[in-house]
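This report concerns only the one structure given below.
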Amino acid sequence: MSDKISNSTTSDGKPLPEKAARSRVAMATLAGTTLEWYDFFLYGTAAALIFNKQFFPSLSPTAGTLAAFSTFAVGFIARPVGGLVFGHFGDRIGRKATLVVSLVMMGVGSTLIGLIPNYDSIGFWAPVLLVAMRVVQGIGLGGEGAGATLMSMEHAPAGQKNRYAGFPQMGTPAGLVLANGIFLTTNAVMSDSAFASWGWRIPFLLSFVLVAIGLVIRLRVTESPSFAGIMEKGEIVRFPLRESLKVGFPRLSLTLAACLANSAVAYAFMVFTLSYGTQHLGYDKQFLVLSVTAAAVLWFLSIPFWTKIADKYGRRHMFIGGSAAILLWCIVFFPLLNTENKVVAVVAFLGMGLIVPVTHCVQGSIIADTFPAKVRYSGSSLILQSGAILGGGLAPMIATALLDATGSSVGVTWYLASICTISLVGAIALFKIVPDSSRGLEHEEIRVSENA
């Protein structure tokens, strides 16, 4: 893969230096994914704290929360659809165009959520429209997840693939911080009744402005050098998803298994704990949202450190160690929360903020390294979005159901520990069949192409 970047220009049309062009791409992918995750996490926070009363008022608190989390899960069900559609066109017409469309879809979906009348106004159609817009959000994010990672990583210089692939990953905690920050600020400047009635809509409506800013940034970047090279050589694949499956079931399944835990644990602590903590432990919602936000700040700040370690020493030991650490921390997380001591609870959240990024920061590059460039968008989307729905999308709903069935968080802990064990075993097995290389994508791509 060539490191050359062409057609990069300044605002006055002059060529950008190669380093500056790479930096622009990295920052554009970070900005875009931040805005996409802002929209997605904003929904999760609202689902935990608002939507049960606004869209499912006739249900009991537990049933209403389950219904709200079900609409949250719908976004994950839609993500594989977006991943496959955007992946197909991303491998055929380019990464840049698909990423622009995905950002627009997410912005439109979120803005319209802010305009949907509640159940008291239009009855049955309120949750129906909510689900429809959640599907639009999910399709948009499905196209973003793999594409942004590829766009940044395929612009990276030799020896810095993990670092550049980490920039879009930083958009996940950044989006969470932005969503929770605006959510808390809006709630703070008005009464609780006003916020619950109509104030919650303001953060969703702000999405329109934020996405417009993101589009300006994203439209100024150049196409991926890898895809440009494929175009020049005439190597466009007609059915890239089918071609990507030639990597083989063992590697595909192990890669999927290795990435399950990060998604499940992250959504349990970012979303499920908001309803669990307020309804069962007596924590106030502002405290919980602030705690999750503080954990996300640590998550964001630590990603550059871990990606630098991965580039220098390789990903194998770091990823396996991180998988083991997530398993151990998810076992103690809910017992710490259950003390109902705010200091101890903050420690529990901050621990998640320190541990989750160890595996999260490199899972995008690990997935991308599974596939040759000509089918990388489709293949990466398949793995990433399948892992998202099996891990994160169902986690809040399953956790709520287990809590309701048992009356205790013990079942939730066992559920998360089981997924973490699957991921740890999957990671160990994956790195036994895949040589780890900190040198980056080029060597891995050649090896996969030959095996395919």
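The values are calculated or read from the model by the stated rules, or taken from the named source; none is laboratory data. Just so it is clear, the model here is predicted, and its values are computed rather than measured. Cβ sites come from the backbone with ideal geometry, for glycine too, and all protein chains shown count toward neighbours. Side chains included, ligands, DNA and RNA excluded: accessible areas come from the protein's heavy atoms. Shrake-Rupley method; radii C 1.70, N 1.55, O 1.52, S 1.80 Å.
Within the same chain, lysines fewer than 8 places from Lys285 are excluded, and of the rest, those with a Cα less than 25 Å from its Cα are Lys53, Lys342.
Going down the table (Lys96/Lys161; Lys246/Lys432; Lys161/Lys432; Lys308/Lys432; Lys246/Lys312), which pairs top 25 Å between alpha carbons? Can you show the working numbers first?
Values: Lys96/Lys161 19 Å; Lys246/Lys432 19 Å; Lys161/Lys432 21 Å; Lys308/Lys432 23 Å; Lys246/Lys312 30 Å.
Long pairs (Cα-Cα over 25 Å): Lys246/Lys312.
Rounded to the nearest percent, how much of the accessible area of the chain (1.4 Å probe, protein heavy atoms only) is carbon and sulfur? Could you put the intermediate results ahead of the total?
Numbers: 11530 of 16910 Å².
Carbon with sulfur: 68 percent of the solvent-accessible area.
May I ask you to derive the FRET efficiency for Val128 and Ala212 from their Cβ-Cβ distance with R0 = 35 Å, giving the value to the nearest 0.05? Intermediate values should be presented prior to the final figure.
Numbers: r = 28 Å, r/R0 = 0.80.
Efficiency, from the Cβ-Cβ distance: 0.80.
Less than 18 Å apart at the alpha-carbon level, and either on another chain or at least 8 residues along: which lysines does that give for Lys233? The reachable lysines, counting only those whose Cα sits under 18 Å from Lys233, are Lys4, Lys374. Each part gets one Cα centre, and for the range 113-145 versus the range 190-204 those centres are 18 Å apart.
Per-residue ellipticity at 222 nm computed for the chain from its helices equals -25000 deg cm²/dmol, with DSSP H segments shorter than 4 residues left out and the rest contributing -39,500 (n - 2.57). Solvent-free Debye calculation, one equal scatterer per alpha-carbon of the range 27-168: log10 I(q)/I(0) at 0.15 Å⁻¹ equals -0.73.
Can you tell me the accessible area per residue over the range 25-134, all protein chains present, probe 1.4 angstrom, in square angstrom?
Values: 3500 Å² over 110 residues.
Ligands and nucleic acids excluded, the figure is 32 Å² per residue.
With contacts taken as Cα pairs under 8 Å at a separation of at least 6 residues, the chain carries a relative contact order of 25 percent.
Using the average count of surrounding beta-carbon atoms within 10 Å as a protection proxy, the listed peptides 290-297, 171-178, 138-145 rank, highest first, as 138-145, 171-178, 290-297.
Determine the per residue accessible area of the range 223-325 with all protein chains present and a 1.4 angstrom probe, expressed in square angstrom. List each step's numbers first, then the result.
On the way: 4360 Å² over 103 residues.
Accessible surface, normalised per residue, equals 42 Å².
What helices does the chain hold that run 24 Å or longer along their axis, going by alpha-carbon atoms, with a Kyte-Doolittle average of 0.5 or more, using DSSP H for the helix calls? Could the numbers behind the result be given before it?
On the way: long enough: 18-49 (46 Å, 0.31); 61-92 (47 Å, 0.73); 95-113 (28 Å, 1.37); 125-153 (43 Å, 1.09); 161-188 (41 Å, 0.15); 285-313 (41 Å, 0.90); 316-337 (31 Å, 1.70); 342-368 (40 Å, 1.79); 410-433 (35 Å, 1.78).
Qualifying helices: 61-92, 95-113, 125-153, 285-313, 316-337, 342-368, 410-433.
Taken as Cα centroids, the range 38-56 and the range 258-292 sit 13 Å apart, rounded to the nearest whole angstrom.
Roughly how compact is the chain, stated as its Cα Rg over 2.2 N^0.38 Å to two decimals?
Values: Rg = 21.1 Å, N = 452, 2.2 N^0.38 = 22.5 Å.
Compactness ratio reported: 0.94.
Accessible area per residue for the range 164-203 is 32 Å², calculated with a 1.4 Å probe on protein heavy atoms, without ligands, DNA or RNA. In plain terms, the chain is cut at each of the trypsin sites (Lys or Arg not before Pro) found in a DSSP loop with at most 11 other Cβ atoms within 10 Å, and the longest leftover piece is 5-237.
Can you give the alpha-carbon Rg of the range 188-296 over 2.2 N^0.38 Å, where N counts its residues? Spell out each step's value before the answer.
On the way: Rg = 22.3 Å, N = 109, 2.2 N^0.38 = 13.1 Å.
The value comes to 1.70.
Only the Cβ atoms of Lys and Arg (+1) and of Asp and Glu (-1) were treated as charged; on that basis the dipole of the chain about its Cα centre amounts to roughly 740 debye.
Highest average first, the peptides 223-231, 360-368 ordered by how many other beta carbon atoms sit within 10 Å of their residues are 360-368, 223-231.
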